[in-house]
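One structure coming up, written as structure tokens, with questions to follow.
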Amino acid sequence: MMSNQKVAIVTGGSSDIGMATAVALAKEERAKIVIAARREKEGEETTQLLKEAGSDSIFVKTDVTNEDDVKALVEKTIKAYGSLDCAFNNAGLEEAETSLVEETSNDFDKIMNVNVKGVWLCMKYEIPQMIQKGAGAIVNMSSGAGVIGIPQTPIYDASKHAVLGLTKSAALTYAKSGIRINAVAPSLVKTDMIASYDKQFMETLKSMHPIGRIADPKEIANAVVWLLSDRTSFIVGHTLLVDGGIVSR
């Protein structure tokens with residue numbers, strides 16, 4: 001269990017995996033949680049859920065591609081709670097299936113800025129605060145597509161591979177500073193976007209997974225909370241697949 005009510009930042013915390021992780025941290029670990037997201041209404045609604053779960057929580061409107069926003073996020077966290085103990089750098093963009101030659105520079109910049117630059121900026125400002133304490137834990141959001149290649153989503157795949165590179169390098173650099181940095185790599189998860197898919201396509205997606213279904217956001221949240229907890233004190237630079245066996249096929 002997390003002791004002394006640690007303080008956690010969750011980016012992309014206003015929906016889906018981010019929200020599920022924030023709620024799990026509040027219920028299971030009693031952490032104080034800072035929700036960072038672009039959507040203000042949804043972000044405030046998430047903080048209310050957390051307060052109902054017994055957690056002290058604030059929302060900070062944040063665009064993770066904007067360095068000033070990320071710097072302000074960490075500064076507001078320290079001002080509100082006095083420390084930063086752990087972070088789930090979860091904010092990201094998906095990619096519609098498209099041929100590489102049909103994609104644009106704008107597509108590339110948009111996906112890479114959120115999925116890669118966003119993770120880099122978050123660590124850039126989170127890590128110094130953790131160094132001051134001599135301890136901390138970070139989990140970065142990658143994907144099964146960061147481990148294998150998926151046809152028709154080349155930029156997304158590249159971005160999630162890049163997250164693993166950032167994670168491994170940072171983990172090695174800051175391990176002796178008492179900071180554990182790891183990544184989680186889910187397969188398909190029940191999100192708002194997937195909820196719009198037709199029944200036949202959903203059955204196809206389920207059949208791709210040896211377990212016979214896609215993940216619930218809570219299942220990814222459980223993995224993240226575990227990696228952020230003191231129970232994983234000797235896990236550093238690891239990529240935890242939460243994929244229902246799809247990568248092992």
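The values are calculated or read from the model by the stated rules, or taken from the named source; none is laboratory data. Remember, predicted model here, so these are calculated numbers, not experimental data. Every residue, glycine as well, gets a Cβ built from its backbone with ideal geometry; the counts of neighbours run over all protein chains shown.
If you take just the helices (runs of 4 or more DSSP H) that sit entirely in region 147-249, which of them hold at least 3 residues that are free of Cβ contacts under 8 Å to residues at least 24 places away in the same chain?
Those helices (runs of 4 or more DSSP H) span 154-174, 199-207.
Listed here are the residues, each with its yes/no results for (1) touching a Phe, Trp or Tyr at 6+ places or on another chain (Cβ under 9 Å); (2) within 26 Å of D192 (Cα to Cα).
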| position | (1), (2) |
| --- | --- |
| A87 | no, yes |
| E97 | no, yes |
| M130 | yes, no |
| G134 | no, no |
| N140 | yes, yes |
| S143 | yes, yes |
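How many residues, within region 39-59, are farther than 17 Å from T77 by Cβ and touching a residue at least 24 places away in the same chain (Cβ under 8 Å)?
Residues that pass the stated criteria total 6.
Same structure again: How many residues are among the hydrophobic types (A, V, I, L, M, F, W, C), closer than 21 Å to I17 by Cβ and without any contact (Cβ under 8 Å) to a residue 40 or more places away in the chain when one looks only at region 60-92?
Of the residues in region 60-92, 1 are among the hydrophobic types (A, V, I, L, M, F, W, C), closer than 21 Å to I17 by Cβ and without any contact (Cβ under 8 Å) to a residue 40 or more places away in the chain.
How many of the residues making up region 7-49 are more than 27 Å from L188 (Cβ to Cβ) and either in contact with a helix residue (DSSP H, G or I) (Cβ under 7 Å, 6 or more places away or on another chain) or among the polar types (S, T, N, Q) (or both)?
Number satisfying all stated conditions: 6.
Taking the criterion of being at pLDDT 80 or above and over 26 Å from K32 (Cβ atoms), would at least one residue in region 218-236 satisfy it? It would help to see each step written out before you state the result.
Going through region 218-236, the residues at pLDDT 80 or above turn out to be 218-236.
This time we only want the ones that are over 26 Å from K32 (Cβ atoms), so: none.
No, every residue in region 218-236 fails to be at pLDDT 80 or above and over 26 Å from K32 (Cβ atoms).
How many residues are touching an Asp or Glu at 6+ places or on another chain (Cβ under 9 Å), surrounded by fewer than 16 Cβ atoms within 10 Å (Cβ to Cβ) and modelled with pLDDT of 95 or more if we restrict to region 74-106?
1
How about region 108-167: which of its residues are more than 30 Å from N4 (Cα to Cα) and in contact with a Pro (Cβ under 9 Å, 6 or more places away or on another chain)?
The answer is S143, G144.
Among the residues of region 50-57, are any of a type in the set (S, T, Y) and either touching a helix residue (DSSP H, G or I) at 6+ places or on another chain (Cβ under 7 Å) or closer than 30 Å to D157 by Cβ (or both)?
Of the residues in region 50-57, the ones of a type in the set (S, T, Y) are 55, 57.
After this cut, where a residue has to be either touching a helix residue (DSSP H, G or I) at 6+ places or on another chain (Cβ under 7 Å) or closer than 30 Å to D157 by Cβ (or both) as well, the list is 55, 57.
Yes, region 50-57 contains at least one residue that is of a type in the set (S, T, Y) and either touching a helix residue (DSSP H, G or I) at 6+ places or on another chain (Cβ under 7 Å) or closer than 30 Å to D157 by Cβ (or both).
Here is a list: E40, E45. Which entry is at negative phi and exposed (fewer than 15 other Cβ atoms within 10 Å of the Cβ)?
Values: E45 fails: exposed (fewer than 15 other Cβ atoms within 10 Å of the Cβ).
Answer to the selection: E40.
From the residues in region 94-132 that are of a type in the set (D, E) and under 22 Å from T191 (Cα atoms), which one is nearest to the chain's Cα centre (by Cα)?
Across region 94-132, the extreme among qualifying residues is E94.
From I58, I9, I35, I17, grab the single residue that is at pLDDT 95 or above and either surrounded by fewer than 20 Cβ atoms within 10 Å (Cβ to Cβ) or not β-branched (V, I, T) (or both).
Step by step, each of I58, I9, I35, I17 is checked, and only I58 is at pLDDT 95 or above and either surrounded by fewer than 20 Cβ atoms within 10 Å (Cβ to Cβ) or not β-branched (V, I, T) (or both).
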